[in-house]
Amino acid sequence: MISAGLVRGALLGLLAVVLALSLLIVANRFVRRHRERRRERIAAPVRGSLLELLCAEGDEQTELLNRLAEIDRRTWAALEPTLTTLLGKVAGGARAALVRLYELRGAAVDAVTELSSRSAARRGRAAQVLGQLSHRPAAPSLCRLLADRDPEVRLAATRALGRCGGPEAVPYLLESLYGPRAVPPAAVIRALVSLGPQAQRSVAAGLEHPQPLARAVAIEVLGATGVVSHTSEIARALREDPQIEVRVKAARALGRLCMPEGLEPLLAAVRPGRPVALRMVGAGALGTLGAVAATGPLAELLGDPDRHVAATAARALLQLGPEGRAELHAAADDRSRGPAAAQARAVLAESAVGAARHDVRAEVAL
Amino acid sequence: MAHVLIADDDADIRDLVAFKLTQSGHQVTAVEDGMAALRAARENTVDLALLDIRMPGMSGLDVCRELRAMAQTATLPVIMITARSQEADVEVGFAAGADDYIIKPFSPRELSSRVTAVLNRVER
């Protein structure tokens, strides 16, 4: 039997731990707030000049730039978080002025040095600054940072590479998808999309990557950026890739690319016997593709034993315009078609409600 | 000169917008949340409201709906501020009764021009 003294001791111990933790949280908040206020106090004398710079024009801007570029290190360090935040939130002349200020201050060079800092927060902020400044020479250092021990730093480096990287960053970004220090695929995709047309060839090389996730990401990026010149390779991936996730991405990309070469592989992908996920995405992609030739095969799918495939096919028919709508009406009126008629009626009703809601929204906006 | 109400929880953006509009000759009331924005709109004669869509607690959309529901502010011109990644908010903003919107990142000059344009439209 447990003695009362032991229970009391345990409770007191627990209470002490809770108290200590609460004190720690309060102290942490206090220190943070104190630091923030101190930073604001130090930056306050030049904050007005910074706002003036962002709203100034011509010669006035030059004078303010020179004045701000000469502030002491302590004030600059206090002002920098504000500069970094504003860099991502202003455009036009204001952004150009901020970039020029960083250049005059040599801050890009400092940020490259900071990428090797022992503090994860500093490494992350440096990566963010370099990305915001589109500082291309920092790309190799940022590529190395993709394997940083801190996940936030890895994410910051990925975003930064999307802004300042080039084709040479693509293999590093694809490699970053693997291992114990992996970067989330969504972040890698956004970065690769941001690299734009200059990186298309390098991204397309990812279609031959030995790892399925890299192939899937490459396909998604090519589809999202509308790289029609690689339609045949994506169609081949849909037909031949051994991994279902890659084939699903290929189906979606073919729909987005809207090229005629996408039609045949997509029609093959929706045939019975293929994996359900692939058939669903394939049916949706046929709607996005917008080929009238897909109307018949999609109408057949309305009666598919898998209701998800049937519902996707019904929505895809709607996307095909008058021809698709006519097929839906025909199916809805044909009572002998059972589930197919029900699917058609459901999607037509859904579309009618959607149109009515859109009308109401337009009226409110007007 | 118009009296412009700015509601944004981001102090840097709030100060920048307030600075630009003051520089353009407007009187500015800047607040950091939706509740304070509603209070300021009730207690002052405001000519235009610039509302950040995403604010903790009461969002810019909620403030806009409330403004439209009050007789005193039912016709107050409202400009929404939203981030590029939240462009879907624009449609909802118009449905809530906004007159215009500005997408971040924005140029202070563009913002000032938009404010002037909306104010001119209302005067006519």
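The values are calculated or read from the model by the stated rules, or taken from the named source; none is laboratory data. Predicted model only: the values in this text are computed from it and were never measured. Virtual Cβ from ideal backbone geometry, glycine too; neighbours counted across all protein chains shown. For the accessible areas, the whole protein counts, side chains as well, though only heavy atoms, and no ligand, DNA or RNA atoms are used. Shrake-Rupley method; radii C 1.70, N 1.55, O 1.52, S 1.80 Å.
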Helix runs (DSSP H) in chain A reaching 24 Å along axis by Cα, Kyte-Doolittle at least -0.5: A:4-55, A:339-365
Inter-chain shielding of A:47-55 (mean C-beta neighbours from other protein chains, 10 Å cut-off): 5
Separation between Cα centres of the range A:208-282 and the range A:1-34, rounded to whole Å: 56
For chain B, built as a Gaussian network whose Cα springs stay under 10 Å, the top-fluctuating residue of B:92, B:46, B:63: B:92
For chain A: relative contact order, % (alpha-carbon pairs under 8 angstrom, 6 or more apart): 7
Rule-of-thumb Rg ratio for the range B:1-65 [Cα; 2.2 N^0.38 Å; N residues]: 1.01
Relative contact order [Cα under 8 Å, 6+ residues apart], the range A:96-242, whole percent: 16
Cleavage-rule hits, GluC sites (Glu not before Pro), the range B:1-90, DSSP coil, Cβ neighbours within 10 Å at most 13: B:87
Carbon plus sulfur fraction of accessible area for the range B:17-119, probe 1.4 Å, in percent: 49
10 Å Cβ neighbours from other chains, averaged over peptide A:79-88: 2
Cβ-defined net charge surrounding residue B:7, 10 Å radius [Lys, Arg +1; Asp, Glu -1]: -4
Cα shape, the range A:183-267, gyration tensor, a/c 1.5 rule: oblate
Per residue, the convex hull volume that the Cα atoms of chain A enclose (Å³): 281
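In a shell of Cβ-Cβ distance under 15 Å around residue A:198, excluding residue A:198 itself, what net charge do Lys and Arg (+1) and Asp and Glu (-1) give?
Net charge around residue A:198: +2.
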Per residue, in Å², the accessible surface of chain B once ligands and nucleic acids are set aside, probe 1.4 Å: 45
For chain A, built as a Gaussian network whose Cα springs stay under 10 Å, the top-fluctuating residue of A:69, A:120, A:311: A:69
Proximal lysines relative to residue B:20, as straight alpha-carbon distance under 21 Å, when same-chain residues fewer than 8 apart are discounted: A:89, B:104
Kirkwood Rh, angstrom, the range B:17-119 [1 / mean 1/r, Cα pairs]: 13.7
Whether the range A:278-357 is rounded, prolate or oblate, judged on the alpha carbon gyration tensor where a/c under 1.5 counts as rounded: rounded
Accessible area of chain A belonging to carbon and sulfur atoms, whole % at 1.4 Å probe: 56
Ordering of A:316-324, A:329-337 by burial proxy (mean other Cβ atoms within 10 Å per residue, highest first): A:316-324, A:329-337
Choice from A:88, A:131, A:284 showing the highest fluctuation, given a GNM over chain A with Cα pairs closer than 10 Å: A:88
The range A:92-234 - Kirkwood radius from inverse mean 1/r over Cα pairs (Å): 15.4
Neighbourhood charge, 9 Å Cβ-Cβ cut-off, centred on residue A:157 and excluding it, Lys, Arg +1 and Asp, Glu -1: +3
Trypsin sites (Lys or Arg not before Pro) within the range B:17-100: DSSP coil, no more than 16 neighbouring Cβ in 10 Å: B:54
Relative contact order computed over the range A:270-366 (Cα-Cα under 8 Å; 6+ residues apart), in percent: 23
